[in-house]
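Okay, structure first, notes after.
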Amino acid sequence: MKSSNTVLIALFAALIVVLSLIPPIPLPAIPVPITLQTLGAMLAGAMLGPARGALACLLYLALAAIGLPVLPGGRGGLGAFLGPTGGFLVGLVAGAFVTGWLARRLAARASGAAQIAGYAAACVIGGIAVVYAFGVPWLATVAKMELAKAALAVAVFVPGDLVKALVAAWVASRVERVWPMVGR
């Protein structure tokens with residue numbers, strides 16, 4: 001791996017750490033708080049592409065697994081992966097990969113509104129649908145609730161995640177203008 005790739009992966013892992021350290025917003029009756037982790041995964045996938053974006057998220061999770069307090073609320077350690085948010089954490093890696101893969105196909109060679117729409121679609125599918133596909137079943141299992149009830153419980157996060165997807169799409173399109181990364 002080239003050193004520039006290593007630097008970008010580490011940089012985006014650090015960005016996810018910074019976004020994660022913004023205090024989480026707890027919601028009543030739901031053991032999953034509102035955080036900005038998914039924004040970091042969307043940005044990593046959209047701007048770095050599938051492999052580097054997924055590796056940035058994997059590095060972030062490795063830092064959390066070894067006990068560094070990089071998760072929302074200053075948490076860290078393997079126990080975080082066994083709690084109600086564990087599936088969402090693992091889903092960040094797959095979400096960043098899918099976001100990057102779709103961004104390359106939908107946005108990298110487009111311009112203007114079409115580019116932003118491509119990035120937005122990539123972020124919604126990868127950064128929301130894929131992350132939820134991992135997180136909701138895990139939440140249902142850990143919280144001992146029906147899958148439909150878990151899906152309904154996390155539906156409250158969808159509007160905020162859509163805003164995050166639009167922010168990530170806008171940022172990725174602006175950065176792409178001056179520093180094309182996805183095509184590489």
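The values are calculated or read from the model by the stated rules, or taken from the named source; none is laboratory data. Treat the numbers as computed from the prediction; the structure is a model and nothing was measured. So basically every Cβ, Gly included, is an ideal-geometry build from the backbone, and we count neighbours across all protein chains shown. Areas reflect the complete protein model, heavy atoms only, side chains present, ligands, DNA and RNA absent. Shrake-Rupley method; radii C 1.70, N 1.55, O 1.52, S 1.80 Å.
What percentage of the solvent-accessible surface of the chain, computed with a 1.4 Å probe over protein heavy atoms, is contributed by carbon and sulfur atoms? Intermediate results must be reported in sequence, preceding the final value.
Details: 6500 of 8580 Å².
With neighbouring chains kept in place, the figure for the chain is 76 percent.
In plain terms, the chain from A51 to L162 could stretch by 37.6 nm, reckoned as 0.36 nm per residue minus the Cα-Cα distance.
For the chain, the residue among L15, I116, L36 whose Cα projects farthest onto the positive side of the dipole built from Cβ charges is I116. Put simply, the C-alpha atoms of region 1-88 give a gyration tensor, and the ellipsoid matching it has half-axes of 24, 13, 11 Å, longest first.
In terms of modelled amide H atoms, which long-range or inter-chain residues lie less than 5 Å from the amide H of G67? Long-range HN contacts for G67: G77.
Wrap a convex hull around the Cα atoms of the chain, take a quarter of its surface area, and give that in square nanometres. Don't jump to the answer; show the numbers that get you there.
Values: hull surface 38.8 nm².
Mean projected area of the Cα convex hull: 9.7 nm².
Between A129 and S3, the FRET efficiency estimated from the beta carbon spacing at R0 = 25 angstrom works out to 0.15.
For region 92-184, the ratio of Cα radius of gyration to the globular rule of thumb 2.2 N^0.38 Å stands at 1.21. The label-point distance for S111 and L27, in a model that sets each label 7 Å from Cα toward Cβ, rounds to 4.0 nm. Projected label points at A14 and A65, each 7 Å from Cα along the beta carbon direction, are separated by 2.3 nanometres.
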